[in-house]
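*Asks:* One structure coming up, written as structure tokens, with questions to follow.
The values are calculated or read from the model by the stated rules, or taken from the named source; none is laboratory data. The model shown is predicted, which means the values in this text are computed figures rather than measured ones. Every residue, glycine among them, receives a Cβ derived from its backbone with ideal geometry; neighbour counts consider all protein chains shown. Surface accessibility is based on the protein's heavy atoms, side chains included, excluding ligands, DNA and RNA. Shrake-Rupley method; radii C 1.70, N 1.55, O 1.52, S 1.80 Å.
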Amino acid sequence: MSYRPDHAMISADPESQQPDVLNATVPPGAIAWTPIQPITCCIPAIGHMGITDSKGYLHDWHGCPISANHPKQMLFGEPARYIRLVKFGDDASRKRWDDAIEQADNEYARHIHVMGCGHDCHSHVARVLNLLRYGGCAVHNKVELAAVVFFCGRHTSLAGALKTW
């Protein structure tokens, strides 16, 4: 299983098939992360997590039904880190990715948010990856994802790095 981030960003090409997510700091097919202050000040690996669909829209669960948002509109502010998990080669891979996100979104619309020891934003992202059997694995979890973003994630900008630290 590889978590090597892909550093390509959403294209600002008006001819592209991307929706209006221009100037987004998080590309399609990525995990996005933002700090939850003041908790992150004390424990830098703790933050809020979401996942972008094949069009670049963000899905971040926070205890209520999920709607796809611009990647800069996370619950606790603009993303500070991301890790791109996939580049989409064809429509079938886009559909598979988006279907997994939609299924997890629908499942989590019925869950109660319990940060830490129950269902939370990290669990939602893990559920998407488990549905996809990402990296040949179906047992992704919140601790693994927090570690991956913390150790392998890329800061979105200098401001993102400063927000984290």
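*Asks:* Quick check: with the 1.4 Å probe, what order do V86, V128 take by accessible area, largest first?
*Replies:* Details: V86 35, V128 0 Å².
Per-residue accessible area, sorted high to low, gives V86, V128.
*Asks:* On a C-alpha basis, how far is the centre of segment 138-159 from the centre of segment 59-106 in Å? Whole number, if you could?
*Replies:* 15 Å
*Asks:* Highest mean first, what order results for 88-94, 148-154, 25-31 on Cβ atoms within 10 Å?
*Replies:* Working: 88-94: 11.9, 148-154: 17.6, 25-31: 25.6.
Going from most to least packed, we get 25-31, 148-154, 88-94.
*Asks:* While we're here: Show L145, L85, L158 ordered by accessible area, largest first, where the area counts protein heavy atoms only and the probe is 1.4 Å.
*Replies:* Accessible-area ranking of L145, L85, L158, largest first: L158, L85, L145.
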